[in-house]
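**Q** Input: one structure, supplied below.
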Amino acid sequence: MNLKFLAPTYHARVKAVAELLPSGGRLLDIGCSAGEIGRLVADRFDSVAGVDLSERDIRYGQAFKSANQCLAVGDVTRLPLRSAAFDAALCIETLEHIPDDAAVLAEACRVLKSGGFLLVSVPHSRFPFTYDPINALLGLFGLHLPIGLWGFGHLRLYSLAGLEAKLRAAGFEVMRQRLLTRYLAGLCENYLSTLLQFLVKPDASNRGRQGEAPIRPKPLADNVFVRLASALVRFDERLFRDSKTSVGIMLLARKR
């Protein structure tokens, strides 16, 4: 799982969360998996609560969670939490896995205080050809394969306008938007991260191929490889800053 922090797409996503997410109060991590992103920003909040349907992921997350972080098993379409309890919420790469994504956004609105912030990221339907050329070609005929952007249980991709409309319908006002990684990062990453994950993971959970031994996600220490990944992301953003394509979309919204 440490290799994820060297993948340009994941690296850019974590960087964007750190830059866009407002700090302070109570944070909810919706669809938290093993709670890795919540842990990375935990020192900016009084408390962090994470909810995910996977008992296995939650169990693994208990081993490395922060002192102010609480992880629980739950259905994110029916959050086991009281209304207006949180100041901010994350929903990172979760909506595309859930049949009723509108229910997730409605629940996020319910548990946030008035004026609370929601940071959402999803895969972009206008992805660069270099990232997933097979599905880019198949998409011309309305087809796709479960690899690349459509891999690991993705039910749908999102347009920027479509995601904004879903957020508005759920009771949010969109404040900021960020497109995550373009052609260069896509070319360098391509299908590599998916292939590497299949070598060590049988599915999208955090269960390794060798029995029940957990693959604990934790950040790599700052080293030459992390700095190279960061430089690649910065160069990609600068080189294609006017492009409307991207691997991912991140939106910051506020509850009306």
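Rule-based calculations on the coordinates, nothing more; no lab input. All values reported here derive from a predicted model rather than from experimental measurement. Note: ideal-geometry Cβ built from the backbone for every residue, glycine included; neighbour counts use all protein chains shown.
**Q** As an exercise, take the mean of 1/r over every pair of distinct alpha carbons in segment 43-161, invert it, and state the Kirkwood radius in angstroms.
**A** 16.2 Å
**Q** Let me ask something else. What relative contact order, as a whole-number percentage, does the chain give when Cα pairs under 8 Å and 6 or more residues apart are counted?
**A** Relative CO of the chain lands at 26 percent.
**Q** Whose amide H sits under 5 Å from the amide H of residue 71, counting only residues 5 or more places off or on another chain, with H placed in the peptide plane?
**A** 50
**Q** Given the options 27, 187, 71, which has the most mean-square fluctuation in a GNM of the chain, springs set between C-alpha atoms less than 10 angstrom apart?
**A** 187
**Q** What number, in percent, do you get for the relative contact order of segment 1-98 if the mean sequence gap of Cα pairs under 8 Å and at least 6 apart is divided by its residue count?
**A** 30 percent
**Q** Note down the magnitude of the dipole of segment 100-156 about its Cα centre, charges +1 on Lys and Arg C-beta and -1 on Asp and Glu C-beta and zero elsewhere, to the nearest 20 debye.
**A** Taking the Cα centre of segment 100-156 as origin, the dipole is about 140 debye.
**Q** Step through the residues of segment 239-256 one at a time and calculate ³J(HN,Hα) from phi using the Karplus curve (6.51 cos²θ - 1.76 cosθ + 1.60, θ = phi - 60°), rounding each to whole Hz and writing x for Gly and Pro.
**A** 5, 10, 5, 9, 6, 8, 9, 6, 6, x, 10, 10, 10, 9, 10, 10, 5, 6
**Q** Kirkwood hydrodynamic radius, segment 1-103, all distinct C-alpha pairs: what's the number in Å?
**A** Averaging 1/r across every pair of different Cα atoms and inverting gives 14.0 Å.
**Q** I'm checking a number: the convex hull volume of the Cα atoms of segment 79-140, normalised per residue, in Å³. What is it?
**A** In segment 79-140, the Cα convex hull volume per residue is 103 Å³.
**Q** If I take all pairs of Cα atoms in the chain, what percentage of them are more than 29 Å from each other?
**A** Distances greater than 29 Å cover 27 percent of the Cα pairs.
**Q** A further question follows. Considering the dipole of segment 1-74 built from charges on the beta carbon (Lys and Arg +1, Asp and Glu -1) around the Cα centre, which of 21, 6, 33 is farthest to its positive end?
**A** 6
**Q** Quick one: putting +1 on the C-beta of Lys and Arg, -1 on the C-beta of Asp and Glu, what dipole do you get for the chain around its Cα centre, in Debye to the nearest 20?
**A** 400 debye
**Q** Can you give the charge dipole size of segment 37-108 about its Cα centre, rounded to the nearest 20 debye, using +1 on the beta carbon of Lys and Arg and -1 on the beta carbon of Asp and Glu?
**A** Dipole about the Cα centre, nearest 20: 340 debye.
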